[in-house]
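Visitor: My questions all concern the structure below.
The values are calculated or read from the model by the stated rules, or taken from the named source; none is laboratory data. For clarity, every value in this text was computed on a predicted model and none was experimentally measured. With ideal geometry, Cβ positions are generated from the backbone for all residues, glycine too; neighbour counts draw on all protein chains shown. Surface areas here come from the heavy atoms of the whole protein model, side chains and all, with no ligands, DNA or RNA. Shrake-Rupley method; radii C 1.70, N 1.55, O 1.52, S 1.80 Å.
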Amino acid sequence: MEDRHILDIQDLHVYFRVYEGVSYVLDGIYLHIARGERVGLVGETGCGKTVTMKTVMGMLKSPPAIIRYDKVSLDGQDILKMSPKELLRVKGTKISMIFQDPMNALNPVFTVGEQLYDVIRFAQKRLDNEKNPSQKEIHDRGIAILKEVRLPDPERIMGNYPLELSGGMRQRVLIAMALVNEPSFLIADEPGTALDVTIQDQILNLLKELVENRGISVLLISHNLGVVRETTERAYIMYAGQIVETAPVDLLFENPVHPYTQGLLASVPSLTGGEIAEGIPGMVPDYTVAPSGCRFHPRCTHSMSICSEKKPSLTMIEPDHYVACYLYTEQKEQNE
Ligand code: SF4
């Protein structure tokens, strides 16, 4: 029977041996994405979003990374147990990624066409039993995908070097490259962050439309709750390697309950004016001396003695809405 989740992560721990000791980054995270679902992973810089993404992409080298987990399954397969060859095949056909900085993601010494042709050739070969596609097939596919991402004059753009394109055009090229292998799962790491807000908005709308039309499942990584609200259906809030709250985005905005989520939302400037909140005092911890229990406790104004003793587990407080915080788990236990 087909697994209803394209991605299913259960109790994932990732740590690194470093000069100062052990950097304990991911502390038992649970995250799942249903087929066709668009999910956001939100948190401040340094909260472990990128380590999560690299784990899922099989990009963490072990050692130095040490990975412990109950399950990290992509499309029903344990991605961390795949051979390099299997992993390459999965990346070429099922899973794609969009990086936040298009200039670094594209090679400046090759034209867009040369880079796109390589991706298409690789994907077509994998999809068509290692049969080499003809040059015309590759070219036609390249033109078609550049049209789909609404790049004007695709023939000319094929011959351009990345430096000859604007930031928005480069981001569209990256989206084209990510979608050309018709993936079932896409990881988008802060797409458009390097662009100005109007162009970023266009890029996110385009991305949303393309993945919706294709039924692609998405994990969108962002520090921006507004972007996640516009682009995804459900979100996970991550703090210092722990998932602290998850809910459908509308519910999360209507009723944020974790003190960290409330702090993130209070830091978003309002379009209607008014004062900008001070934000969350303190900083994301050094992972070699990560706080015990709830890792947010040194920054939390509601902290109690139990918070530093034991990690709170994710508990359902209303349908589809889970939080890891003793303010709610205690109440729930008392009510039962
Ligand atoms: Fe604050 Fe305790 Fe809740 Fe953590 S568990 S967010 S420290 S009240």
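Visitor: Over 27 Å between Cα atoms: which of Lys61/Lys310; Lys94/Lys208; Lys49/Lys310; Lys61/Lys94 fall into that group? Intermediate values should be presented prior to the final figure.
Guide: On the way: Lys61/Lys310 30 Å; Lys94/Lys208 18 Å; Lys49/Lys310 23 Å; Lys61/Lys94 21 Å.
With Cα atoms farther than 27 Å apart: Lys61/Lys310.
Visitor: While we're looking at this one, here's another question. Given charges of +1 on the Cβ of Lys and Arg and -1 on the Cβ of Asp and Glu, with all other atoms neutral, how large is the dipole of region 110-250 about its Cα centre, in debye to the nearest 20? Write down the numbers at each step before the final one.
Guide: Numbers: 15 positive and 21 negative charges, 69 e Å.
Here the size comes out at about 320 debye.
Visitor: Another question, then. Please work out whether region 44-102 counts as rounded, prolate or oblate from its C-alpha gyration tensor, where a ≥ b ≥ c are the square roots of the eigenvalues and a/c under 1.5 means rounded, while otherwise a/b larger than b/c means prolate and anything else oblate? List each step's numbers first, then the result.
Guide: On the way: a/c = 1.72, a/b = 1.16, b/c = 1.49.
Oblate shape, in that a/c is at least 1.5 and b/c is the bigger or equal ratio.
Visitor: To continue, here is another question. Lys/Arg Cβ at +1, Asp/Glu Cβ at -1, dipole of region 281-328 taken about the Cα centre: which of Pro285, Tyr322, His302 is farthest positive-ward?
Guide: Pro285
Visitor: Something else now. Is the C-alpha gyration tensor of region 67-209 telling us rounded, prolate or oblate? Criteria: a/c under 1.5 is rounded; beyond that, a/b larger than b/c is prolate, otherwise oblate. Before the final figure, lay out each step's value.
Guide: Working: a/c = 2.08, a/b = 1.27, b/c = 1.64.
In terms of gyration-tensor shape, oblate.
Visitor: Please list the non-local residues whose amide H lies under 5 Å from the amide H of Ala188, H modeled 1.01 Å from N, same-chain partners needing a gap of 5 or more.
Guide: It is Ile98, Leu219, Leu220, Ile221, by chain and number.
Visitor: Sequence gap at least 6, Cα distance under 8 Å: using those rules, report the relative contact order of region 47-194 to the nearest whole percent. Intermediate results must be reported in sequence, preceding the final value.
Guide: Numbers: 166 pairs, mean separation 50.8, N = 148.
Taking the mean separation of contacting Cα pairs over the length of region 47-194, I get 34 percent.
Visitor: Give me the dipole magnitude in Debye, nearest 20, for the chain about the Cα centre, with unit charges on the beta carbon: positive for Lys and Arg, negative for Asp and Glu.
Guide: On the way: 34 positive and 44 negative charges, 228 e Å.
The dipole of the chain has a size of about 1100 debye.
Visitor: Still on this model: Tell me the per residue accessible area of the chain using a 1.4 Å probe; a whole number in Å² is fine.
Guide: Working: 16430 Å² over 336 residues.
Here the residues of the chain average 49 Å² of exposed surface.
Visitor: Shape call for the chain from the C-alpha gyration tensor, a ≥ b ≥ c root eigenvalues: rounded (a/c under 1.5), prolate (a/b greater than b/c) or oblate? Could the numbers behind the result be given before it?
Guide: Numbers: a/c = 2.01, a/b = 1.62, b/c = 1.25.
Taking the square roots of the gyration eigenvalues as a ≥ b ≥ c, the chain is prolate.
Visitor: Please calculate the 1.4 Å probe accessible area of Lys147, with all protein chains present, and give it to the nearest 10 Å².
Guide: Here the residue's solvent-accessible area equals roughly 130 Å².
Visitor: Something else about it: For the chain, what is the calculated [θ] at 222 nm in deg cm²/dmol (nearest 500), taking -39500 (n - 2.57) for each run of four or more DSSP H residues and dividing by its residue count? Working shown, then result.
Guide: Details: 13 runs with 124 residues, N = 336.
When only DSSP H runs of four or more count, the value is -10500 deg cm²/dmol.
Visitor: Expressed as a whole percentage, what fraction of the accessible surface of the chain belongs to carbon and sulfur atoms when a 1.4 Å probe is rolled over the protein heavy atoms? Kindly include the intermediate steps, with their values, before the conclusion.
Guide: Values: 8510 of 16430 Å².
The computed percentage sits at 52.
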